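Taking it in order: structure first as C-alpha cells, then the write-up.
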Amino acid sequence: MSRYDSFDSFDSFDSFDSFDSFGSYDSFAGGGHHGGQGQTQGLIRSREGHLGQPLRTGPNPTDPPLNLAPFRNWGQDNPISMPTKSVRLLARIGEPMRAQLYLRQLLDGVSFKDSKLGDGADTRDLSELRVGGQLLFSLGRPGWDAWKAQALRVESWASLRSERAPEILSQLGPQFAYWSSVADLGPVQAPYTRELILAAMSFTSTVVQEFKYRLPVPRPAQISVRIQPMIEAPPFFAYPSGHATQAFMVARLLFRLIKAGQKGRSGSPPLKELEVQLFRQAERIATNRVVAGVHYPLDSMAGCALGIRLAELVAHCGQDEVVDGPEGMLASELDKRKDEDFEPLLSGDPGSEGGYEWKPTSTVGNKPVSPGVWRADTSIAWLWGLARAEWHEAGYQ
C-alpha cells in the first residue's frame, strides 16, 4: 500500500481511537512484504534453487566459511558493531511504527487535573491539561441551561443539511483533501508534513477523548428529539468537538510549519492569506458538525481554543520553543454565550506585518509554559525538521 493510504482508513476524525492501516503492516504496494501463499512458496523454492554452498576462506571444502558481517553500514566506525540509538535511524523504521513513537513522545509529561468552581447550583466542573506539571489549558463545562439553549441553535442549523451534505459525508474521516486544497499537501511535495499532521491528529484525539470523559455532555439528539441528526452520532460524548479541535489544530500547525520554512517571508501577503484560508476551512469543518446535528456550537468554541493550544504544543516539541502562558475556556464565559453560534474572528490588519492572530480564548495566566520534557534529539524534532524543509527551496536540507 502507499505510505499515505493509511490516512484514509481512520475510523473518523472525531474518534481517533485506532489506526486501521497503521496497526497492520502486512503489505506494501509493489514488492510486498506479504504476497500470499504463492509468493511464500516461491521464495522458499527460489532459495533452495540458488543458495548453493557458502563461500569459504580457501579452495578446499574443509576450509572455514567466510565470517558474517553486516553488508549495510549503520553509521559506526566499526562496521561489525551494532547500531546505536539515534534519531537518524527513524528513517529505517516503518511509518506505522514511527507513529507510535511520536504519540508516546507527545504524551510524555501530559496529565489532567479536575476541580470545581462556584457553589450550589452555580458549581461548574473544570478540567486542566498540564504538561510537565505546568498548566497549559483549562476547560470548564457550562451548566444545563446552556446546553438546552444550544440545542435550539443546533436545530436552527438543520436547514443547511441538504446544501452541505456532500461536505459533511466526505468529512466523516480525516479531511486531508480539504487541507490539501488550500496548502497543496501532495505526497510528493510534502510527505513528512503529512506524517507530522497524522502524528499531531493522533495526539489531539487522545487529549480530546480525555476531556470528553472528564466533562461529559450528551449529544444534541439526546437533549432534543427535534434535532434528528443526518448521520449517526459517534459513541462518545460531545464536548469538546473532536472535529473542531483537530481542524483548528491542523490549521495552526500547518501555518506555523509553513511559516517556519519560508525564510525571510514570514510577513508576506501570501502567508497571511494562507493563514486566513486555513482557519476559514477549519471553521467550516467545525460548523458542518453542528449542521449535521451531532455537535453544539459550544463544542466548536471549546475545540477551537483547545486545538490551537495543542498545535502550539506540537510546535514546541518540534522546535523546543516556549509556549505562551496558559489559556482556557471557563464555564462562566461559556454560560454567557449559550445563545450564540460559533463565529470566531480573526484579529489584525491584513496589511500589517504582524499577520493574523486567532483569538478564541481567554488568558488564565501570564507565565510562559516551558514543559522541558522534549529535546532536540527526539522523534518529533526529527520529523519537524524534515517537514519544515519541505517548505523551503528544494525541500530537504
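Nothing in this text is a laboratory measurement; each read-out follows from the coordinates by a stated rule. Since the structure is predicted, the reported quantities are computational estimates derived from the model, not experimental observations. Quick reminder, even Gly has a Cβ in these numbers, built from the backbone with ideal geometry, and neighbours come from all protein chains shown.
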For Arg56, other-chain or 5+-apart residues with amide H closer than 5 Å (H placed, Pro excluded) are Leu66
For the Leu169, Arg104 Cβ pair and Förster radius 35 Å, calculated FRET efficiency rounded to 0.05 is 0.55
For the range 103-118, in residue order, the Karplus 3J(HN,Hα) values (coefficients 6.51, -1.76, 1.60; θ = phi - 60°; whole Hz; Gly and Pro = x) are 5, 4, 5, 5, 7, 4, x, 7, 8, 10, 9, 9, 7, 10, 10, x
Using alpha carbon centers only, the range 197-264 is separated from the range 71-124 by a whole-angstrom value of 21
Whole-Hz Karplus couplings 3J(HN,Hα) for the range 198-215, θ = phi - 60° and coefficients 6.51, -1.76, 1.60, Gly and Pro as x, run 4, 4, 5, 5, 5, 4, 4, 4, 4, 5, 4, 5, 5, 5, 4, 5, 7, 10
Sorted on mean Cβ neighbours within 10 Å (highest first), peptides 132-144, 47-59, 184-196, 85-97 come out as 132-144, 184-196, 85-97, 47-59
Sequence order, the range 84-89: Karplus ³J(HN,Hα) from phi using 6.51 cos²θ - 1.76 cosθ + 1.60, θ = phi - 60°, Hz rounded, Gly and Pro as x, gives 9, 4, 7, 5, 5, 6
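Rounded to the nearest 0.05, what FRET efficiency is calculated for Ser268 and Val188 with R0 set to 22 Å and r the Cβ-Cβ distance?
Values: r = 24 Å, r/R0 = 1.11.
According to the calculation, E is roughly 0.35.
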Note: Asn60 to Gln39 extended length (0.36 nm per residue) minus current alpha-carbon separation gives 3.9 nm
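So, R0 is 22 Å and r is the distance between the beta-carbons of Arg284 and Leu152; what FRET efficiency does that work out to, to 0.05?
0.50
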Ordered by fewest other Cβ atoms within 10 Å, a rough proxy for footprinting exposure, Phe71, Phe176, Phe255 read Phe71, Phe176, Phe255
